[in-house]
Amino acid sequence: MNIPANHPPIKTPRIGVLLVNLGTPEAPNAPAVRRYLKQFLSDKRVVEIPALIWQPILRGIILNVRPKKSAANYAKIWMPEGSPLAVYTKAQAEALQTRLGDAVDIRYAMRYGEPSIERQLAAMKADGCNRILLAPLYPQYSGATTATVVDEAFRSLAAMRWQPALRTMPTYHDDPAYIDALATSLKSELAKLDFEPDAIIASFHGMPERTLHLGDPYHCQCHKTARLLSEALGKPLTIAFQSRFGRAKWLEPSTEDTIKRLAEEGKKKIAIFAPGFSADCLETLEELALQGKEQFEEAGGERYAYLPCLNADAAGMEMLETLVRRELSGWL
C-alpha cells in the first residue's frame, strides 16, 4: 500500500485488553486516602444520595475524619511494591500478557486512582489499539462496580475524536471457569491448614439493601456463586456481607455478626474467603484477615484462617485467560 509522503504516521492496528479494578490510594497516608475517598465517594453510582445532601456530609465530616483511620489500616497491609490491590492487578496484567503474547496489548487501570481508565484508553489508542476489550474484574454485577467502570470508559471515549471499537466483558459469577478456579484454589488453601474448619464463610462485599429492591442482581448472583461453589467443593458455605458503611440497612447477614455468631454457637475453628474480590486488598487483608480474627477470638473462637483471593495464581490466571480469549473471539 502506497502512503503519501505527507501522510501522518499510522500505528499498526492492535488489539487491547484493559483489566479494571476498583482503586486504591497512592500511599498509606491521610492526604492520599483523602484524595481517593473523595473521588470514590463522589461517584453517584456508589452513593445514591442527592449531591446537595451528600456532598456537605462527605466534605464536612467524612473527609475530615475517615482518611486518618483508613490510612492506618492501609499501613498494616501495604507491600514494599505498593498497595496490594495495585500490585496484584498489575501482576494479573503481566501474567495475562505472557499467556496471550504480543498479539494483544494488556494493561490495567483503576476506576478510582491511578492508572486511570481515561489515561490508559488514550495511551492504548495512541499505541494503535483500534479494538479494546474492557474487562472489569468483578465476578458479580453491581451498579457500584461493573456499571461505573463501563460509565467511565464511555465518558473517556466521548472525548476522543477517533475512537477505538470497545467491547465489555460480562460478569462471570456462575461461569464454570470461575467456579472451577475458586474450587481449585480453596481446596489447595484448605489442605495447607493444620485444622479442619467447623465452618467456612464466603464473605462478599456488602451493598445497601435498597440496591436489591431497585433491581441490582448483585445479591442473587452472590448467592448463586456460593451455591455452585459449595457443590464443587462438596462442603457447606456460610454466606455473609462485609464492609457496611453509614446508617442505611445493608445486605445481611453481616460478616462481623456472622463471625461472632459462629463462635458463640461453639464453632471453634473457621476459615473465611472473599469470592467477590479478584485480588486481595484492604477489605480482605485488613478487614477479614486481621479484624475478623480479632472478632472471632474475642467471641470465644480458637482457630481462624483467611484464605487468599485468586490474585495472579495459576488457577486464577487460567480462568482469566479463558474469559478474555472468549470475549476476543472474532478479533484474535
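The values are calculated or read from the model by the stated rules, or taken from the named source; none is laboratory data. Just so it is clear, the model here is predicted, and its values are computed rather than measured. Neighbour counts are summed over all protein chains in view; Cβ atoms, including those assigned to glycine, are modelled from backbone coordinates with ideal geometry. The accessibility values were calculated without ligands, DNA or RNA, using every heavy atom of the protein model including side chains. Shrake-Rupley method; radii C 1.70, N 1.55, O 1.52, S 1.80 Å.
Report whether or not I117 is at pLDDT 95 or above, among the β-branched types (V, I, T) and open to solvent by less than 20 Å² (accessible area, probe 1.4 Å). The answer is yes for I117. Contact map, region 76-88: first residue without any contact (Cβ under 8 Å) to a residue 24 or more places away in the chain, second residue part of a loop (DSSP other than H, G, I, E, B) and of a type outside the set (S, T, Y), Cβ cut-off under 6 Å, separation 6 or more or different chains; pairs are V87/E81. Of all residues in region 283-316, those satisfying the criterion of being under 26 Å from D175 (Cβ atoms), in contact with a helix residue (DSSP H, G or I) (Cβ under 6 Å, 6 or more places away or on another chain) and aliphatic (A, V, I, L, M) are L285, L307, L310, A312, A315.
Where helices (runs of 4 or more DSSP H) fall wholly inside region 118-225, the ranges with 3 or more residues that are touching a residue at least 60 places away in the same chain (Cβ under 8 Å) and within 19 Å of the chain's Cα centre (by Cα) are 148-158, 176-192. Quick check, is G246 in contact (Cβ under 8 Å) with a residue 40 or more places away in the chain, in contact with a strand residue (DSSP E or B) (Cβ under 9 Å, 6 or more places away or on another chain) and not aliphatic (A, V, I, L, M)? For G246, the condition - in contact (Cβ under 8 Å) with a residue 40 or more places away in the chain, in contact with a strand residue (DSSP E or B) (Cβ under 9 Å, 6 or more places away or on another chain) and not aliphatic (A, V, I, L, M) - is not met.
Per the listing E256, E297, E252, the residue uniquely outside any helix (DSSP H, G or I), open to solvent by 10 Å² or more (accessible area, probe 1.4 Å), of a type outside the set (S, T, N, Q) and touching a strand residue (DSSP E or B) at 6+ places or on another chain (Cβ under 8 Å) is E252.
Scanning region 311-332 for residues that are part of a loop (DSSP other than H, G, I, E, B), at pLDDT 95 or above and either within 18 Å of L262 (Cβ to Cβ) or open to solvent by 20 Å² or more (accessible area, probe 1.4 Å) (or both) yields A312, D313, S329, G330, W331. Would you be able to say whether some residue in region 16-33 is more than 30 Å from P208 (Cα to Cα), in contact (Cβ under 8 Å) with a residue 12 or more places away in the chain and either among the β-branched types (V, I, T) or open to solvent by less than 20 Å² (accessible area, probe 1.4 Å) (or both)? Yes, that holds for at least one residue.
Which condition breaks for Y304 when tested against (1) closer than 30 Å to I57 by Cβ; (2) modelled with pLDDT of 95 or more; (3) buried (at least 16 other Cβ atoms within 10 Å of the Cβ)? With respect to (1) closer than 30 Å to I57 by Cβ; (2) modelled with pLDDT of 95 or more; (3) buried (at least 16 other Cβ atoms within 10 Å of the Cβ), Y304 is out only on (1). For I62, the test of being surrounded by 11 or more Cβ atoms within 10 Å (Cβ to Cβ), within 30 Å of L328 (Cα to Cα) and of a type in the set (A, V, I, L, M, F, W, C) is failed.
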